[in-house]
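A short write-up of the structure that comes next.
Throughout, read-outs are computed from the coordinates displayed, never taken from laboratory work. All of these numbers come straight from a predicted model, not from anything done at the bench. Cβ sites come from the backbone with ideal geometry, for glycine too, and all protein chains shown count toward neighbours.
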Amino acid sequence: MLAAFKNGLRRLVTRGRGLVLAYHSIHERPPPFDVWHHLHLDQFATQIAYLARHHDCLAVPEFLAETTRGAPRAHPVAVTFDDGFANNLRLALPVLAHYRVPATFFITTGALDGPWPLWPDGLALLLARTSADTLAWHGEHLPVATPAERTACYRVLVRTGKQLPVQQRTGFLTEVAHAAGLDPAELGRDNATWSPLDWHELATLAASPWVTIGAHTVSHPMLSALAPDAARAEIVGSRAALAAHGIDARYFAYPYGGSADFDDSHRQMAIDAGFEAAFVADAGAVTAATDRFRVPRLGIGSDCSPAGFRYLVSGGALLS
Ligand SMILES: [Zn+2]
């Protein structure tokens, strides 16, 4: 009774406010250790089924129009995906189409040109495939014998890699490969869990009536670490690369998307590049007052239980 009341109260408080969910990768077979942004297909399907039943699931253009009007439907939700994983087409799209839930996919265009995954997933791939018990890393020995140790090691190395200039990432992954006792060519081996889309797969994804394609830079840099010209080239370049393949990307998502990862100058660059809205990774509800170039999103990861998901999309987490 009390729980029902609280849930009702939350729905009342969140009435008229929109929520945007941010997903990344969907997998069928669990990776050998937990990587937050990779969700199991069953977990994802349960969440989408729940959304389809209890919310107005809108494509981003419609969602922005509804929330801008100031009197949107009761509980509008927009589903988004970042980075451009091949599994988005193979696994996520059939679920979305089945439940008639639209989604927007923000594509890191440079990843579609080459065989390597985006660097955090290249890192995860190496840690998934190593048979080493420890990684010798700059004078330290990072344990990787158990799944929990691999998850911890992944987090440490992601923090390191995120700080590196884009040009040093290949060297960074090569170094990790050697520390893991693997050939760096392993990164180019096709893998259903970690691989990015290729351009042909993106065209198939974009052709779906449930799909909107957005841009997510060329090489997924931390924009705040770049010189202005380089940051502009990343933002404009991803839109141009999609346009060259016949895709008009009207929306943008900042890589990493936290408040330290970009600033007002990048917001202005997104406006100047012709985007109509840009999305961040900070949690929040979307109202008529929300800055269209800082649209908040709720990140959904592998730690999201069914009850946690219901709580999150009820807006409960945003009330505390
Ligand atoms: Zn991303």
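Computed quantities for the displayed model
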{"quantity": "Calculated diffusion of the chain, Stokes-Einstein form, Kirkwood radius summed over Cα pairs, 25 °C and 0.890 mPa s, µm²/s", "calculated": "121"}
{"quantity": "Cut-off under 5 Å, modelled amide H: who pairs with Tyr251 long-range", "calculated": "Ala215, Glu276"}
{"quantity": "FRET E, pair Trp36, Asp264, Förster distance 35 Å, beta-carbon r, rounded to 0.05", "calculated": "0.80"}
{"quantity": "For region 253-320 and region 108-183, distance of Cα centres in Å", "calculated": "27"}
{"quantity": "Electrostatic dipole magnitude of region 119-188 [Cβ: Lys, Arg +1; Asp, Glu -1; Cα centre; debye, to 20]", "calculated": "280"}
{"quantity": "Rg ratio (alpha-carbon, reference 2.2 N^0.38 Å) - region 119-188", "calculated": "0.99"}
{"quantity": "Inter-label distance for Ala288 and Arg29, nm, one decimal - labels placed 7 Å from Cα along Cα-to-Cβ", "calculated": "5.3"}
{"quantity": "The chain, relative contact order [Cα under 8 Å, separation at least 6], %", "calculated": "24"}
{"quantity": "Least to most buried among Cys304, Cys153 (fewest other Cβ within 10 Å first)", "calculated": "Cys304, Cys153"}
{"quantity": "Karplus (6.51, -1.76, 1.60) ³J(HN,Hα), θ = phi - 60°, over region 293-303, in Hz, Gly and Pro reported as x", "calculated": "10, 9, 6, x, 9, 9, x, 10, x, 5, 8"}
{"quantity": "For the chain, built as a Gaussian network whose Cα springs stay under 10 Å, the top-fluctuating residue of Thr287, Thr134, Thr146", "calculated": "Thr146"}
{"quantity": "Whole-Hz ³J(HN,Hα) from phi, Karplus 6.51 cos²θ - 1.76 cosθ + 1.60, for region 149-165, glycine and proline x", "calculated": "5, 5, 4, 5, 5, 4, 5, 4, 6, 5, 4, 5, x, 4, 7, 7, x"}
{"quantity": "Efficiency of FRET between Thr68 and Ala203 - r from beta-carbon atoms, R0 30 angstrom, step 0.05", "calculated": "0.50"}
{"quantity": "DSSP-defined antiparallel bridges as percent of all bridges, the chain, nearest 5", "calculated": "20"}
